1. Using the Karplus curve 6.51 cos²θ - 1.76 cosθ + 1.60 with θ = phi - 60°, work out ³J(HN,Hα) for each residue of segment 46-62 in order, rounded to whole Hz, and write x for Gly and Pro.
2. Please list the non-local residues whose amide H lies under 5 Å from the amide H of Arg77, H modeled 1.01 Å from N, same-chain partners needing a gap of 5 or more.
3. How many percent of DSSP beta bridges within the chain run antiparallel, rounded to 5?
4. Which cross-chain or sequence-distant (5 or more) residues have an amide H under 5 Å from the amide H of Val71, H modelled 1.01 Å from N in plane?
5. Could you please report the charge total around Leu103, scoring K, R as +1 and D, E as -1 over all other residues with beta-carbon less than 11 angstrom from its beta-carbon?
6. Once phi is turned into θ = phi - 60°, what whole-Hz ³J(HN,Hα) does the Karplus curve with 6.51, -1.76 and 1.60 give for every residue of segment 67-83, x standing for Gly and Pro?
7. List the residues, sorted by chain then number, that are 5 or more residues from Val156 or on another chain and whose placed amide H is less than 5 Å from its amide H.
8. Provide the net charge surrounding Leu173, with neighbours chosen by a C-beta distance below 13 Å and charges set as Lys +1, Arg +1, Asp -1, Glu -1.
Amino acid sequence: ELPERPLVLGGCCCSHVGAIEGLSARHGRIGVVWIDAHGDLNTPASSPSGNEWGMPLRMAIDSGAVDPNDVALVGARNLDPPEEAFILETGLHTGEDGVAAALDGVVGTYVAIDVDGLDADEVAVFMPEPDGVPVARAEELLRDVARRSDVLGAGVTGLRPDPGNVEPVTRLLTELG
């Protein structure tokens, strides 16, 4: 049973799929802001690695829980060619500039934060990637999301066990209300 406003804390981004599907079933047309260094848009057939953690956003889209036009992929900088093709084919929004378009007309939003989308010097992440979004900039982005849409739920994944993560993650989630 999905709580009224779920907060998902998980190892990999697959943790977000159930919350997105449950919120979509409950509310109808929802938006998703997906902060991640990776696209998570592969399928078993397109994935170079075969790892499920490279597929959860695509799982949520292919299940019908969210339309690609209602998704903003922010912070992605390590995409596989099939993910790039999927973005072009579907009109999925990318970057911070895509958030407003993705949230236009939705009843509420789920925010997925894979911390590898953030600056690896500010958070201890499982799969660090260079040139991540600074935490202060991510706070501004999340504040904007909360102004544009009801935040129905959120999740944080990809953290390494480190007490230093508590403060930046708390700051990010506080911006979502």
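Read the figures in this text as sums done on the coordinates, not as results from a lab. All figures in this text were calculated on a predicted structure; none of them were measured in a lab. Virtual Cβ from ideal backbone geometry, glycine too; neighbours counted across all protein chains shown.
1. Result, ordered by residue: 9, 6, x, 9, x, 6, 4, 5, x, 10, x, 5, 5, 4, 5, 6, 5 Hz.
2. When sequence neighbours closer than 5 places are left aside, the close amide H contacts are His38.
3. Numbers: 1 of 25 bridges.
Taking every DSSP beta bridge within the chain, about 5 percent pair in antiparallel fashion.
4. Val32, His93
5. On the way: positive: Arg29, Arg147, Arg148; negative: Asp70, Asp104, Asp144, Asp150.
Around Leu103, the surrounding residues sum to -1.
6. 7, x, 6, 9, 10, 10, 9, 10, x, 6, 8, 9, 9, 7, x, x, 5
7. Hits under the 5 Å cutoff: Val8, Leu9, Gly10, Ile113.
8. Taking every Cβ under 13 Å from that of Leu173, the sum is 0.
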